[in-house]
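Written below as structure tokens is the structure these notes are about.
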Amino acid sequence: MKTPAFWYHPPGLASAALAPLGALYGLAGRWRMAAAEPHRAGTPVVCVGNLVAGGAGKTPVGLAVAAALRARGVAVHALTRGHGGRERGPVLVDPARHGADDVGDEALLLAADIPCWVARDRAAGADAAVAAGAEILVMDDGFQNPGLFKDVSLVVVDGAVGFGNGRLIPAGPLRERIADGLARADALVILGDDRAGVAALAQGRPVLRGRLEPSTDSAELRGRRVLAFAGIGRPEKFFATLESLGADLAARVPFADHHPYRPAEVAALLERAAALDALPVTTAKDAVRLPAALRAHIRVLPVAVAWEDPSALARLLDRLPPTCPPEGGSHGEAA
């Protein structure tokens, strides 16, 4: 899905025309929430979600939460729908066997660090993970999925754009009304500078602040001509990151979120980069969707969350049920 440009600008004619459809979308979501009886997995569940369609940084936050939990000595498994993949699950992701067409790109990123389960039915996925030894689940997305009880829910927000024009899909980026979503949230995670004033909406909830920073050495990009391409929620965010690292962007090539790259398409990007004497660079999320034979020719820039105050996350995780021991404790094997 390509993010419509008007979603992140003040409401105009396009969003106004679509507002009635947005109202119906919101009504259907509220009915679904009200009618559900969430399943309890028998182990704590931390949900990392957002209120908007498109990338806010959920998966890096989910990995950061999982790392903090693993440091406490618990067996952490991830649970995700597997957006863009054909597998319905529950299935344990095997990066050596599964590709993005099978399980989606987020699942492959998660599975590189921790056991990850793909399941359209989140309750069934949670039960499968618990049966396989999961002591705590980190749910990537699913904040609007009422099928599974969440012990702690984080709403991740891109500080640069906040909640966009404040309207519901398709009139805006919102999956549900802001007030409804925040009422179920235990904390807000704001990535980057809060230019949209999101923290003011927290109403006493904890606000965790962080930034997405390169997790590998990026010194080679300073002063280097690059052809940047990305199929994420907001490709311009990736392009801005490269510029902040000192890269000279000879070309910016945006694609729709979860874009399935085909060999001829990637070959054309490599040819264009060569003609520009530029290094082709993309995100880790895009890299798992590249044809394996061409992946080695492209520089990947992975990112991770750098917390402004790591103790704020620790305090939030202390709220989890006793299955998750206090920081410094030990319980089971780290996954």
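A compact table of results
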{"item": "Residue among GLY26, GLY62 that alone is modelled with pLDDT of 95 or more, part of a helix (DSSP H, G or I), in contact with a strand residue (DSSP E or B) (Cβ under 9 Å, 6 or more places away or on another chain) and of a type in the set (Gly, Ala, Ser)", "result": "GLY62"}
{"item": "Condition check for GLY133: of a type in the set (Gly, Ala, Ser), open to solvent by 30 Å² or more (accessible area, probe 1.4 Å), touching a residue at least 60 places away in the same chain (Cβ under 8 Å) and part of a loop (DSSP other than H, G, I, E, B)", "result": "yes"}
{"item": "Residue within region 34-46 that is in contact (Cβ under 8 Å) with a residue 60 or more places away in the chain, of a type in the set (S, T, N, Q) and surrounded by fewer than 24 Cβ atoms within 10 Å (Cβ to Cβ) present", "result": "yes"}
{"item": "Members of region 193-219 that are in contact (Cβ under 8 Å) with a residue 12 or more places away in the chain and among the acidic types (Asp, Glu)", "result": "ASP193, ASP194, GLU213"}
{"item": "Scope region 106-142; condition touching a strand residue (DSSP E or B) at 6+ places or on another chain (Cβ under 6 Å) and within 22 Å of ALA314 (Cβ to Cβ); matching residues", "result": "LEU110, ILE114, ALA134, ILE136, LEU137, VAL138, MET139, ASP140"}
{"item": "The lone exception for LEU245 - which of (1) of a type outside the set (Phe, Trp, Tyr); (2) modelled with pLDDT under 95; (3) over 25 Å from the mean Cα position of the chain (by Cα) it fails", "result": "(3)"}
{"item": "Pick from region 55-91, criterion more than 28 Å from ALA314 (Cβ to Cβ) and touching a Phe, Trp or Tyr at 6+ places or on another chain (Cβ under 8 Å), ranking: least open to solvent (accessible area, probe 1.4 Å)", "result": "VAL91"}
{"item": "Test: residue in region 5-13 that is out of contact with any Lys or Arg (no Cβ under 6 Å at 6 or more places or on another chain) and either farther than 22 Å from VAL198 by Cα or acidic (Asp, Glu) (or both)", "result": "yes"}
{"item": "Meets criteria (buried (at least 18 other Cβ atoms within 10 Å of the Cβ), touching a helix residue (DSSP H, G or I) at 6+ places or on another chain (Cβ under 6 Å) and without any contact (Cβ under 8 Å) to a residue 60 or more places away in the chain) for PRO95", "result": "no"}
{"item": "Lone qualifier among GLU87, GLU106 - being touching a His at 6+ places or on another chain (Cβ under 9 Å) and part of a loop (DSSP other than H, G, I, E, B)", "result": "GLU87"}
{"item": "Of all residues making up region 207-235, the number that are more than 21 Å from VAL157 (Cα to Cα), in a strand (DSSP E or B) and open to solvent by less than 50 Å² (accessible area, probe 1.4 Å)", "result": "4"}
{"item": "Matching option when the condition is within 19 Å of the chain's Cα centre (by Cα) and among the basic types (Lys, Arg), among ARG81, ARG88, ARG97, ARG72", "result": "ARG81"}
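Residue-by-condition table, conditions (1) on the phi < 0 side of the Ramachandran plot; (2) touching a helix residue (DSSP H, G or I) at 6+ places or on another chain (Cβ under 9 Å):
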{"residue": "GLY192", "(1), (2)": "no, yes"}
{"residue": "LEU208", "(1), (2)": "yes, yes"}
{"residue": "ALA228", "(1), (2)": "yes, yes"}
{"residue": "PHE239", "(1), (2)": "yes, no"}
{"residue": "VAL253", "(1), (2)": "yes, yes"}
{"residue": "ALA287", "(1), (2)": "yes, yes"}
{"residue": "LEU294", "(1), (2)": "yes, yes"}
{"residue": "HIS297", "(1), (2)": "yes, yes"}
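The values are calculated or read from the model by the stated rules, or taken from the named source; none is laboratory data. For clarity, every value in this text was computed on a predicted model and none was experimentally measured. Cβ sites come from the backbone with ideal geometry, for glycine too, and all protein chains shown count toward neighbours. Heavy atoms of the whole protein, side chains included, go into the accessibility calculation; ligands, DNA and RNA do not. Shrake-Rupley method; radii C 1.70, N 1.55, O 1.52, S 1.80 Å.
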